[in-house]
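Just so it is clear, none of the values below were taken in a lab; they were calculated from the coordinates. Just so you know, these numbers come straight off a predicted model, no measurement behind them. Here the Cβ positions follow ideal geometry from the backbone for every residue, glycine too, while neighbour counts run over all protein chains shown.
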Protein chains: 2
Amino acid sequence: MRIEAIAIGTELLTTGRVDTNSVWIAQRLAGLGLGFHRKSVVGDDREDLRSLFLEALDRSELIICTGGLGPTFDDFTKELWAEVLNAPLVEDPVIRSTIEVFFQSRNRPCPPSNFKQALVPMGADALPNPIGTAPGIFWESPQGFPHARIVLLPGVSRELKRMWEDQVEPRLRSLAGRPTHTLRMLVGAVGESALEQRTAYLREKHGHLDWTILAGLGLVELVARSADPAALDAARLDFEAELGLDRVCTGSGSLEQTVLELLNVRGETLALAESMSGGRIAALLTGVPGSSEAFLGGAVVYSARAKAALAGLSTAFLTEHGTVSELTTHALAEGIRARLGADWGLSITGNAGPTEDKDGPAPLGTFFMALTGPDGTACQANFFPGERADMQTRSAIYALDFLRRRLA
Amino acid sequence: MRIEAIAIGTELLTTGRVDTNSVWIAQRLAGLGLGFHRKSVVGDDREDLRSLFLEALDRSELIICTGGLGPTFDDFTKELWAEVLNAPLVEDPVIRSTIEVFFQSRNRPCPPSNFKQALVPMGADALPNPIGTAPGIFWESPQGFPHARIVLLPGVSRELKRMWEDQVEPRLRSLAGRPTHTLRMLVGAVGESALEQRTAYLREKHGHLDWTILAGLGLVELVARSADPAALDAARLDFEAELGLDRVCTGSGSLEQTVLELLNVRGETLALAESMSGGRIAALLTGVPGSSEAFLGGAVVYSARAKAALAGLSTAFLTEHGTVSELTTHALAEGIRARLGADWGLSITGNAGPTEDKDGPAPLGTFFMALTGPDGTACQANFFPGERADMQTRSAIYALDFLRRRLA
């Protein structure tokens, strides 16, 4: 079934508001095995709307319109649909009395403009609004368009959600196909196009699935959709075998959740010494509820003084080995691990600018990460020049992934 | 000028991602006195896209397409536009060598699929991508559509923003109406509606300006637009007088930049002890180039062990005063200041869950921030229950604003 969302309101075209209703509806549709093939946002302009309604009738079987059902002059979604479909508007006495009760119960007079909300296009059903005054509309097979279904809902999210769950979803359930299942895999520290090449043979083998590859900074998400859970499971096994340790997790998890789970399973703890990443690893880990079980804390060692006072590095050592080097990173990981009595010490140093250090030992974009644990210390050098924020975030992701690979 | 946004990507139709690029572009267009009349989101489906491209050519003078410029099989925005407009694709040698250099500088082999990104439709201009491999396209008056302009940009937000500012906006400026000037003021730790009420008389006085109030977590942005710079300047003076110390900055600055500038002017340094905010203050500060001048570093004290080892709090002290309390926060600020020999010590403790502590001394949403400096120590308690991420971010913003007010 081809389904289309139309969000109506000039405020959705400016910076004031984002259309989040259609994102919520997409989630509910997925639960029915359905999904949007198009979404549009248009302002309160009769001509723009009229042409969009006609196009939508032509190409879609289910049209979900949100907004423009209020009592004011710039609300005319229902009236325009009635005009486009040549249907007269008729007052629904039940809706009218619901509106009267709504105002009476709040001890407010009912403005006459609100009664236009009780009008329903002939042939359509009104959907009562239990928490507002704007009723919705469910219109099946309007004259001339036997395969179309039109749903009109208010733009106010809590009203829309309540009406969708109670009234729209039950009507759609009978139309829905088989529910869609999703397979998601998070892959660590591998480029998007490298991952694509490497898994091309598997996507071909499982070509009946619907594939998407989404790149982030240092992480790639691989998503497959299908109505057939057994087909997804077969793909999952193949990808897990191909990706091996590169796979962070399958399902809805994140890198930081995975790292914390691995630590919790082993009953081990972590301490950090962050220079280049400036607290970003700590922020990622502490974003996970319950992270304090395995994450003891860390130091943001943004100066020689902090490297000395919080991780025990002497000025002489720093002078000899520099602030960005393998040995310094090493010493930071060991220093913070000892200070906090943690099982693992993880550290980062690097150059995210503003100094270029072009011919020096650490040009812009260089970073070292070191990990020390029960079985010794490892260090890795990386080079990814770019925007300051990207370099800082990437260094944090890479270091977490470095730890994950060691724990897994 | 009729302007239309088209966001391309199946992931934008499901629950995975929301199209926020068009919201950002709408803001930039407003600065040029322009705005969208329609926005669409479509999946990676050739037929859906082809029909939308043709409709858009028919009704719009400027079409801004985002996404689908990557190297993978499901990226074909550029190829499809070339097909719709009957333009052959030609390799741009400059773009090709940029892509080669991008991979060489990272010591990675360039996958052959990336070279399709160097193809440009004949008659269109390539827009180099300084921080990624997908170049954009600016296509003015393609054959058969003399009034159309088509802009293709990558879907990755940071690449899109950079290319928009540096390359697209200068080209659009000549098409735009009168340039709009902007007055922006950042206001700290004041509620949006309180600020709206408090400044209503001034917005009325300067009612010929176009006003927007944008609320963030713990910060409010006040924006006025006008073609008349003198009118904006008069409003600026009135607002600066009314807001006093509540104003963080005027212009494009951020709270963290303002704090670092104030420290630099005084030649003073800062050390942090973060518990509830888990490294978020450090991450904000280190995001500013040159921050290491004033920011010495800090401790993320997410356990009793870290509070002891990094900020010198004894187990006995913590047992007596608890992990979330005024006295503990106090001691953390003083401890970290002494350890790093900083002029200022700033600390946060609080409860961001998952434990509720409903009847205890620190129910969910409570946080304490303490600041110690050359002229003594101050502490403040706050209570903002909400989502975990919001509570953590808000605590970081409030603490930075607490420091700013003391420095200003």
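Can you give the relative contact order of segment A:1-159 as a percent, counting alpha carbon pairs under 8 Å and 6+ residues apart?
Normalised by residue count, the contact order of segment A:1-159 is 24 percent.
For segment A:359-408, which trypsin sites (Lys or Arg not before Pro) pass both filters: DSSP loop (anything but H, G, I, E, B) and at most 15 other C-beta atoms within 10 Å? Display every interim value, and only then the final one.
Numbers: sites: A:Arg388, A:Arg394, A:Arg404, A:Arg405, A:Arg406; in loops: none.
Sites meeting the loop and neighbour criteria: none at all.
Using the Cα centre of chain B as origin and beta-carbon charges of +1 (Lys, Arg) and -1 (Asp, Glu), tell me which of B:Leu172, B:Gly278, B:Leu69 is placed farthest towards the positive end of the dipole.
Checking the options against the dipole of chain B, the answer is B:Gly278.
Give a residue-ordered list of calculated ³J(HN,Hα) values for segment B:238-253 (Karplus: 6.51 cos²θ - 1.76 cosθ + 1.60, θ = phi - 60°; whole Hz; x for Gly, Pro).
My calculation for segment B:238-253 gives 4, 5, 4, 5, 5, 7, x, 5, 6, 6, 7, 6, 10, x, 8, x Hz in order.
Using Cβ contacts closer than 10 Å as the measure, can you line up B:Ile63, A:Ile64 from fewest to most? Provide the component values of the computation, followed by the final result.
Values: B:Ile63 23, A:Ile64 26.
Ordered from fewest to most neighbouring Cβ atoms within 10 Å, B:Ile63, A:Ile64 come out as B:Ile63, A:Ile64.
Provide Rg over Rh for segment B:3-173; use the alpha carbon set for both Rg and the Kirkwood Rh (inverse mean inverse pair distance).
Working: Rg = 15.3 Å, Rh = 16.2 Å.
Rg divided by Rh gives 0.94.
Sorted from fewest to most neighbouring beta carbons within 10 Å, what does the list B:Asp210, B:Asp375 look like?
On the way: B:Asp210 13, B:Asp375 7.
With the sparsest Cβ surroundings first, the list reads B:Asp375, B:Asp210.
With the cut-off at 30 Å, tell me which of the pairs A:Lys39/A:Lys116; B:Lys39/B:Lys78; A:Lys205/B:Lys78; A:Lys39/A:Lys205 have Cα atoms farther apart than that.
Numbers: A:Lys39/A:Lys116 28 Å; B:Lys39/B:Lys78 19 Å; A:Lys205/B:Lys78 28 Å; A:Lys39/A:Lys205 32 Å.
Correct reply: A:Lys39/A:Lys205.
Peptide A:208-214: average number of partner chain Cβ atoms within 10 Å per residue?
Numbers: counts 0, 0, 3, 4, 9, 6, 6.
Per residue, the number of nearby Cβ atoms from other chains is 4 on average.
Can you list the residues, at least 5 places off or on another chain, whose amide H is less than 5 Å from the amide H of B:Ala7, using H built in the peptide plane?
Here the answer is B:Ser40, B:Val41, B:Val42, B:Thr66, since their amide H atoms fall under 5 Å of that of B:Ala7.
Expressed as a rounded percentage, what relative contact order does chain A have, with Cα pairs under 8 Å and six or more residues apart? Don't jump to the answer; show the numbers that get you there.
Working: 758 pairs, mean separation 44.5, N = 408.
For chain A, the relative contact order is 11 percent.
From the label point of B:Gly123, set 7 Å from Cα along Cα→Cβ, how far away are the matching label points in the other copies, in nm, ordered shortest to longest?
Its label point is 4.3 nm from the equivalent points in the other copies.
How crowded by other chains is A:301-313, given as the mean number of beta carbons from other chains within 10 Å of each beta carbon? Show your work: numbers first, answer last.
Numbers: counts 5, 14, 11, 2, 8, 14, 1, 3, 11, 12, 2, 0, 0.
Shielding by partners across A:301-313 averages 6.
Taking the simple approach of a point 7 Å from Cα along Cα-to-Cβ for both A:Glu140 and A:Glu169, what is their distance in nm?
It works out to 1.9 nm between the two label points.
Go ahead and estimate [θ] at 222 nm for the protein assembly as shown from helices alone: -39,500 (n - 2.57) per DSSP H run with n ≥ 4, summed, over the residue count, rounded to 500.
Numbers: 28 runs with 312 residues, N = 816.
Counting only the DSSP helices, I get -11500 deg cm²/dmol.
How large is Rg/Rh for the protein assembly as shown, to two decimals, with Cα atoms and a Kirkwood Rh? List each step's numbers first, then the result.
Details: Rg = 28.6 Å, Rh = 29.3 Å.
The Rg/Rh ratio comes out at 0.98.
Tilt of helix B:326-340 relative to the longest C-alpha principal axis of chain B, in degrees (0 to 90, nearest 10)?
80
Where the centre of each part is set by its Cα atoms, how far does segment B:209-280 sit from segment A:369-408, in angstrom?
Cα centres, segment B:209-280 to segment A:369-408: 35 Å.
Which order results if A:Glu320, B:Glu326 are arranged by neighbouring Cβ count within 10 Å, fewest first? Present the calculation step by step, with values, prior to reporting the outcome.
Values: A:Glu320 11, B:Glu326 17.
Starting with the residue having the fewest Cβ neighbours, the order is A:Glu320, B:Glu326.
How far, in nm to one decimal, is A:Ala378 from itself in the other copies if the label point is set 7 angstrom along Cα toward Cβ? Shortest first, please.
Between copies, matching label points for A:Ala378 lie 4.9 nm apart.
Please list the non-local residues whose amide H lies under 5 Å from the amide H of B:His181, H modeled 1.01 Å from N, same-chain partners needing a gap of 5 or more.
The answer is B:Ser226, B:Ala227, B:Asp228.
If amide H atoms are built 1.01 Å from N in the plane of the peptide, which residues on other chains or at least 5 residues away come under 5 Å of the amide H of B:Ala273?
Counting only residues 5 or more places away or on other chains, the set is B:Ala299, B:Leu346, B:Ser347, B:Ile348.
Compute the Kirkwood hydrodynamic radius of chain B, taking the inverse of the mean of 1/r over all pairs of distinct Cα atoms, and give it in Å to one decimal.
Working: mean 1/r = 0.0407 Å⁻¹.
Kirkwood hydrodynamic radius for chain B: 24.6 Å.
Mind listing which trypsin sites (Lys or Arg not before Pro) in segment A:86-141 are in a DSSP loop and have 14 or fewer other Cβ atoms within 10 Å? It would help to have the intermediate numbers written out before the result.
Details: sites: A:Arg96, A:Arg106, A:Lys116; in loops: A:Arg106.
Within segment A:86-141, the qualifying trypsin sites (Lys or Arg not before Pro) (loop, at most 14 other Cβ atoms within 10 Å) are A:Arg106.
Relative to the other copies, what are the label-point distances for A:Pro111, with labels 7 Å from Cα along the C-beta vector, expressed in nm at one decimal and sorted shortest first?
Output for A:Pro111: 5.6 nm, nearest copy listed first.
Explain nothing, just compute: Karplus ³J(HN,Hα) = 6.51 cos²θ - 1.76 cosθ + 1.60, θ = phi - 60°, for every residue of segment A:66-79 in order, whole Hz, x for Gly and Pro.
Each residue's phi maps through the Karplus curve to give 10, x, x, 10, x, x, 8, 4, 8, 10, 8, 4, 5, 4 Hz.
Apply the Karplus curve 6.51 cos²θ - 1.76 cosθ + 1.60, θ = phi - 60°, to the phi angles in segment A:193-205 and return the couplings in whole Hz, x for Gly and Pro.
Working through the residues one at a time gives 6, 4, 5, 5, 4, 5, 9, 4, 5, 7, 5, 5, 4 Hz.
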